[in-house]
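Student: My structure is below; once you've seen it, I'll send some questions.
The values are calculated or read from the model by the stated rules, or taken from the named source; none is laboratory data. Since we're looking at a predicted model, the values are computed, not measured. Cβ atoms come from the backbone with ideal geometry, glycine included; neighbour counts cover every protein chain shown.
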């Protein structure tokens, strides 16, 4: 099983960096951060980073190639004529 994309897999770190940068933009020194407890903000930051990174990765058009081999035994026929 292998994961193939329309683009190179070198774009994967760019997807992660993109998710991290969007989460940083949304949570860094926001006015709402003073009201919400810090551990909730950290969990939201991590989840948003993961989900945006996954969405950016899905934009690369990935598909999974799976090769399955099965062995089929041959059928042997015996014909008898009178």
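Student: Would a scan of region 21-39 turn up a residue that is without any contact (Cβ under 8 Å) to a residue 12 or more places away in the chain and touching a helix residue (DSSP H, G or I) at 6+ places or on another chain (Cβ under 6 Å)?
Tutor: For region 21-39, residues without any contact (Cβ under 8 Å) to a residue 12 or more places away in the chain and touching a helix residue (DSSP H, G or I) at 6+ places or on another chain (Cβ under 6 Å): present.
Student: Would you pick out the residues in region 4-55 that are modelled with pLDDT under 90 and within 30 Å of residue 66 (Cβ to Cβ)?
Tutor: Correct list: 4, 5, 6, 7, 8, 9, 10, 11, 12.
Student: In region 46-81, which residue that is touching a residue at least 40 places away in the same chain (Cβ under 8 Å) and either in contact with a helix residue (DSSP H, G or I) (Cβ under 7 Å, 6 or more places away or on another chain) or farther than 30 Å from residue 10 by Cβ (or both) is surrounded by the most Cβ atoms within 10 Å (Cβ to Cβ)?
Tutor: Restricting to residues being touching a residue at least 40 places away in the same chain (Cβ under 8 Å) and either in contact with a helix residue (DSSP H, G or I) (Cβ under 7 Å, 6 or more places away or on another chain) or farther than 30 Å from residue 10 by Cβ (or both), the top hit is 57.
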